[in-house]
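*Asks:* If you scroll down you'll find the structure; I have some questions about it.
The values are calculated or read from the model by the stated rules, or taken from the named source; none is laboratory data. This structure is a prediction, so every number in the text was calculated from the model and none was measured. Neighbour counts are summed over all protein chains in view; Cβ atoms, including those assigned to glycine, are modelled from backbone coordinates with ideal geometry.
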Amino acid sequence: ESHRLEEFARLPAVTKDGTPVVLRANIGLVSDMAVAQRNGAEGVGLYRTEFPYMIRGDFPTREEQYRLYARVVEGFDGQPVTIRTLDIGGDKGLPYFSPPPEENPFMGWRSVRVSLDNRDIFRTQIEAILMAACHGPVKMLFPMISGLEEIRACHEVIAEARQTLSAEGIKFVEKIPVGVMIEVPAAVKMAGQLAKEVDFFALGTNDLIQYMLAADRNNPLVNKYYDPLHPAVLLVLQEVAEVAAQQQKGLCLCGEMATDPAHILMLLGMGIREFSMAAPFIPRIKAFLRDLSLNTAEAAAKKALSMTDSAQIRHYLQQVLNNNL
Ligand code: PEP
Ligand code: MG
C-alpha cells in the first residue's frame, strides 16, 4: 500500500469533481525538507522556527538565521514558505532563555508576547526573514495574536526591521505577505478587523481547541475534553472560513486535525481549501480527496453543523466516509 501512496505524492491534490486543494508541509528542522518533498508538499504552510532555536546554545545571529531560512526557501524551488516567528513558552523552552516559572504557562508569557517584550530578538528574526525573501516566495506569520494591538505592534517591528536593513545597505524584500495565526478564541471574534491588517490567516487548531475547551493539549487527564469535533469548535472554524472568504484572505489550517479524513471532509465542506500538516500524512489525504466530491463534503458539513454532540458528529462523518468507499 505504501507504494500506492507514494504515487499519490506526485498527483495533484484535487477532489473527484475537480476542486483544487492545497496541501503544504509543517516543518521544523532542515531534515523535514526532504520529507516534505518526497511526500509531494506544495511548499510550507508552517515553518516552526523555534526548533532551530531550541537545538542551539545561544540565540542565532541574524546571519545564521538568514542562511538557514534562505536554504529552506531555495529548497522549495519557487513554492511558498510561510515562516512563523518564534513561538517559545508554553511547552517549548530554550536552554539559554528560561522564562520565569508560571502557574499557567499556556495562558502566560509565550509566543508573540515574548517576542514583543524582546524587541531586539524579534526585529533580528524579522530582518532575517525579509532577507531570505530574496531567495523565493516567503510569507511571514505571527503566532498567538489575540487582537489588533499585537498585530499593529508587529507591523511596527517590521517597519523598524526595514529601516535597519536599508540603513545597513543590505538586500531584502520590502513587501511580503503578512499573516496571523487564529489560535486564540478572541482572534476569531476579531477576525473581521484583523483581516484589514493582514494578507492571510493560519488556523492553529492545536491551540484554538485547547483554549476554546479549556483542555490542555498535552494533559492526558483531559484528553476526552480536547475534541476537534466539539460543536463549538466546528462553529468557530466555520466562522473563520466565512470571514476569510468574505474578506478574500488566504486561509490555511495547520493544526494536527487536518491529518484525519473525517476532519478534512468537514473542513472542506466548510470552504477551507488549504491545509498544512506533517508531510507523511499528505499522500493519504491526497488519495482521500481524489475520491471525494465537493458536494458530498458540503452536504456532510452542513448536516454535521446542525448536530449538537460530538459523538454523533463523529459517527455521522464516519458513515459518510464508509459510504464513499
Ligand atoms: C497550532 O497551534 O495549531 C499550531 C499549528 O501551532 P503549534 O502546534 O506550533 O502551536
Ligand atoms: Mg499554536
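*Asks:* With the condition being closer than 29 Å to Leu292 by Cα and among the aliphatic types (A, V, I, L, M), I'd like the strands (runs of 3 or more DSSP E) fully within region 1-85 carrying at least 2 qualifying residues.
*Replies:* 22-27, 44-48
*Asks:* Filter region 299-325 down to residues that are of a type outside the set (Val, Ile, Thr), surrounded by 15 or more Cβ atoms within 10 Å (Cβ to Cβ) and in a helix (DSSP H, G or I), then give me how many there are. Outline the logic, then answer.
*Replies:* Residues of region 299-325 that are of a type outside the set (Val, Ile, Thr), as a first pass: 299-307, 309-312, 314-319, 321-325.
Okay, now just the ones that are also surrounded by 15 or more Cβ atoms within 10 Å (Cβ to Cβ), so 300-301, 304-305, 307, 310, 314, 316-317, 321, 324.
Add one more test, that the residue is in a helix (DSSP H, G or I), and what stays is 300-301, 304-305, 310, 314, 316-317, 321, 324.
Residues meeting the conditions: 10.
*Asks:* Mind telling me which of the residues Leu237, Leu221 ends up being assigned to a helix (DSSP H, G or I) and within 14 Å of the chain's Cα centre (by Cα)? Give the derivation first.
*Replies:* Values: Leu221 fails: within 14 Å of the chain's Cα centre (by Cα).
Matching residue, one of Leu237, Leu221: Leu237.
*Asks:* Does Ala245 satisfy the criteria of being buried (at least 21 other Cβ atoms within 10 Å of the Cβ), small (Gly, Ala, Ser), out of contact with any Asp or Glu (no Cβ under 6 Å at 6 or more places or on another chain) and touching a residue at least 24 places away in the same chain (Cβ under 8 Å)?
*Replies:* Numbers: buried (at least 21 other Cβ atoms within 10 Å of the Cβ): no; small (Gly, Ala, Ser): yes; out of contact with any Asp or Glu (no Cβ under 6 Å at 6 or more places or on another chain): yes; touching a residue at least 24 places away in the same chain (Cβ under 8 Å): yes.
In short, no.
So that you can scan it fast, the table gives a plain yes or no per residue for (1) closer than 20 Å to Gly45 by Cα; (2) at pLDDT 95 or above; (3) more than 16 Å from ligand 2 (Cβ to nearest atom):
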{"residue": "Met181", "(1), (2), (3)": "yes, yes, no"}
{"residue": "Ala186", "(1), (2), (3)": "no, yes, no"}
{"residue": "Asn206", "(1), (2), (3)": "yes, yes, no"}
{"residue": "Val222", "(1), (2), (3)": "no, yes, yes"}
{"residue": "Tyr225", "(1), (2), (3)": "no, yes, yes"}
{"residue": "Ala232", "(1), (2), (3)": "no, yes, yes"}
{"residue": "Leu237", "(1), (2), (3)": "yes, yes, no"}
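*Asks:* Quick test of your reading of the structure: Tyr211 fulfils all but one of (1) more than 19 Å from the chain's Cα centre (by Cα); (2) crowded, with 17+ Cβ neighbours inside 10 Å. Name the failing condition by number.
*Replies:* So the condition that Tyr211 fails would be (1).
*Asks:* Using the structure shown, decide if Ile151 is over 30 Å from Asp260 (Cβ atoms), hydrophobic (A, V, I, L, M, F, W, C), in contact with a strand residue (DSSP E or B) (Cβ under 9 Å, 6 or more places away or on another chain) and surrounded by fewer than 21 Cβ atoms within 10 Å (Cβ to Cβ). Step through it out loud before you land on a result.
*Replies:* Values: over 30 Å from Asp260 (Cβ atoms): yes; hydrophobic (A, V, I, L, M, F, W, C): yes; in contact with a strand residue (DSSP E or B) (Cβ under 9 Å, 6 or more places away or on another chain): yes; surrounded by fewer than 21 Cβ atoms within 10 Å (Cβ to Cβ): no.
No: the conditions fail for Ile151.
*Asks:* Same structure, new question: Could you give me the residue pairs with C-beta distances under 9 Å whose first residue belongs to region 73-85 and is under 13 Å from Leu130 (Cβ atoms), whose second residue is of a type in the set (Lys, Arg) wherever it lies, and which are 6+ apart or on separate chains?
*Replies:* Short answer, once both residue conditions are applied: Ile83/Lys139.
*Asks:* Right, another one. If you check Ala128 against the conditions, is it part of a helix (DSSP H, G or I), under 25 Å from Val240 (Cα atoms) and in contact (Cβ under 8 Å) with a residue 40 or more places away in the chain? I'd like the intermediate steps shown before the answer.
*Replies:* Details: part of a helix (DSSP H, G or I): yes; under 25 Å from Val240 (Cα atoms): no; in contact (Cβ under 8 Å) with a residue 40 or more places away in the chain: yes.
It is false that Ala128 is part of a helix (DSSP H, G or I), under 25 Å from Val240 (Cα atoms) and in contact (Cβ under 8 Å) with a residue 40 or more places away in the chain.
*Asks:* Any residue at all in region 56-63 that is surrounded by fewer than 14 Cβ atoms within 10 Å (Cβ to Cβ), farther than 24 Å from Leu253 by Cβ, touching a residue at least 60 places away in the same chain (Cβ under 8 Å) and of a type in the set (S, T, N, Q)?
*Replies:* Yes, that holds for at least one residue.
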